[in-house]
1. Which of the residues belonging to region A:51-71 are without any contact (Cβ under 8 Å) to a residue 40 or more places away in the chain and in a strand (DSSP E or B)?
2. All but one of (1) small (Gly, Ala, Ser); (2) assigned to a strand (DSSP E or B); (3) modelled with pLDDT under 95 hold for B:Ala7; which doesn't?
3. Please verify whether region A:133-140 includes one or more residues that are under 15 Å from A:Thr65 (Cβ atoms) and not in a loop (DSSP other than H, G, I, E, B).
4. Only one residue in A:Val330, A:Val280, A:Val305 is in contact with a Leu (Cβ under 6 Å, 6 or more places away or on another chain), crowded, with 16+ Cβ neighbours inside 10 Å and more than 30 Å from B:Ala171 (Cα to Cα). Which one?
5. Give region B:143-162 a look and list any residue that's over 16 Å from the mean Cα position of the chain (by Cα) and outside any strand (DSSP E or B), or say none.
6. Restrict the check to region A:155-176 and report whether at least one residue is part of a loop (DSSP other than H, G, I, E, B) and β-branched (Val, Ile, Thr).
7. Which ones in region A:72-90 are open to solvent by less than 10 Å² (accessible area, probe 1.4 Å) and part of a loop (DSSP other than H, G, I, E, B)?
8. Looking at A:Pro225 and the list (1) in contact (Cβ under 8 Å) with a residue 40 or more places away in the chain; (2) within 14 Å of chain B (Cβ to nearest Cβ); (3) not in a strand (DSSP E or B), which single condition is not satisfied?
Amino acid sequence: MTDGSFDVLTVNRNNPAHLFVGGTWAGNMAVIVSWDDGASFTSRQVPAPSGYVRAVAVNPQDDSTIYIGGYYYPDGALHGALFKTTDSGSVWEDIRGTIEDAPVDAIEVDPVNPHIVMVLAGGSLYKSENAGSSWQDITPAPGLSAFRINPEVPNEIYASSGDDFLMSEDGGWSWTSIAEGFALPDVAGIDLIPSVKMVYAWTRGGGIFRNRREALYAVSIASGPRGTTNPGPGVYAYGDGATLDVTALPQTGYRFKDWSGDLSGTANPLHITVGSDIGVKAMFHLAAPSGFTVARQEARSALMVQYINVLSWQKITQVTGVAGYRIYLVNGGSLTPLGQVDASTSTYWHRGVSKTGVYQYALAAFDEDGIEGETTLPKSGRVAVMKRPAAKTRPNWERSP
Amino acid sequence: MSKRLIAAISVLTVLGLAGPAWSSSISLELRAGYHVPASAAFRDVYKGGPAFAGQLEVRLTKTLSLWAGAEYFGKTGKLTFTGEETKIRIIPLTAGLKAQLDSKSLCPYLAAGAGYFLYKEENIIGTADGSVFGFLGQAGLLFKATKFLYLDLYARYSAGRTKAAGPAILAAELGGFQGGLGLIIGF
């Protein structure tokens, strides 16, 4: 498609392979249609000589009905142009009717009730409830520059006038300002994300604005490797004050470690009260080896002795990717690394321990990325294999003389 | 004539020049025996093993003599639990008195003395070395092989106890039972 000039493009929301391009073809207003996602196009000329297209809209339920708007010079003077076809462009009908004779800047068709068509022309907004047969002026304020129908709630209409930003919740019959003190000068276009009721307005030289119509916040849930979450990873919209529980679900052989992101901690499920956009990520790590025990042994020769705390555990076999095990000495709640062994080993000798010493150990597996798993203590907790004998004490009771 | 036969004749010639041991004022004994440590803990690690000794004896009276000598016991064993290698070397320097019956062919005797035990043990735990005083007692029978050569069939018990030092050095008994055979040459 190389001939002509093309100004606007519309896609049928109900059938995205159907493309409608408005422009000028052979000196006339024209619509160029593709029914195959742009692989091929067919030109449909509109009987509007020396015209320029500014808007194209289709009936999403039957896109052989096409509306095209703009302006043209049929007699040497500028006139507003608004045409409709119901046969994919073979026959066009001028439906401007009572609309002001000014360039048509925007057209929208109600996605639910396609008999409702709205047109922005000359800064005024017009509404037809009979597919363009007649029009009513529903302009909320003079000098409208853009408008948009919420495709999921068609009665909800947004429009910009001067510095103000307006919203109608009854199909355009009444309007309220939602500018909330912001000046939005010369809005060029409006769009929205219905799922989170986010409205965007972009201006000519004044920046881009957005407005969240309800206190809906994005809750982003993610999971690290070796597990998932319930609800599953994704972005969810929740209203202000809404609560939800997110459960971390580790794979076999792994454990939930903690939450990272905007919230932290180890609670599972994680209870969230939504008050802002929030992102959390569930982190997982290897489960602790089971059967962790410690026994005191002595290596003795004729003249010397060395005491050894023998740590043993069951190797993790149900999970691939275990690279080894790390052993820690627990000192008042802090972990001091003692050493590590490879994955094929299930014992560790802590040599040279005191004969009467009391020791506490912790054990964790680590994976090939070096990420350490859940830490475990021996079954007996503190290891006191050989305790110092209790000193003999005098009994508290004595026989009275 | 083989070299071995020449060597044997040479030794017998020297021994012949030495004269009868029984009546000699000085004699030399070379002894080999099997040492069984007295300590069960010692036996757990090293078990028993050969011991060797050399002894010089000076006759004081017809039935009493003074002797002094040195022994050697060296063994490699395994640490308990770990099975790692450990080595020990014990060298008792000994001296004492010996009383014997004067007989033509068979001579029983009793001996007693003091020992100064030098020892050294090495393994992964570390090194323990030092010395300790002890005692020993011995009984035996002397057999007359030739008029200058006697055999000594003996049994002895020695005792020498080390002291503990620090958490890794144990008190240990170095002595034990020993039985063996000696060759006495009189001069």
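1. Passing the criteria: only A:Tyr71.
2. (2)
3. Checked against the condition, which is being under 15 Å from A:Thr65 (Cβ atoms) and not in a loop (DSSP other than H, G, I, E, B), region A:133-140 yields no hits at all.
4. On inspection, the qualifying residue turns out to be A:Val280.
5. Residues satisfying the conditions are B:Ala145, B:Thr146, B:Lys147, B:Phe148, B:Thr162.
6. Keep residues of region A:155-176 that are part of a loop (DSSP other than H, G, I, E, B), which gives A:155-156, A:162-163, A:169-175.
When the remaining residues are screened for being β-branched (Val, Ile, Thr), the result is none.
The answer is no, given that none of the residues of region A:155-176 is part of a loop (DSSP other than H, G, I, E, B) and β-branched (Val, Ile, Thr).
7. A:Gly89
8. Among (1) in contact (Cβ under 8 Å) with a residue 40 or more places away in the chain; (2) within 14 Å of chain B (Cβ to nearest Cβ); (3) not in a strand (DSSP E or B), A:Pro225 violates only (2).
The values are calculated or read from the model by the stated rules, or taken from the named source; none is laboratory data. Since this is a predicted model, take the numbers as computed values, not measurements. Positions of Cβ are generated from backbone atoms using ideal geometry, with glycine treated the same way; all protein chains shown enter the neighbour counts. Note: areas computed on protein heavy atoms with side chains; ligands, DNA, RNA excluded. Shrake-Rupley method; radii C 1.70, N 1.55, O 1.52, S 1.80 Å.
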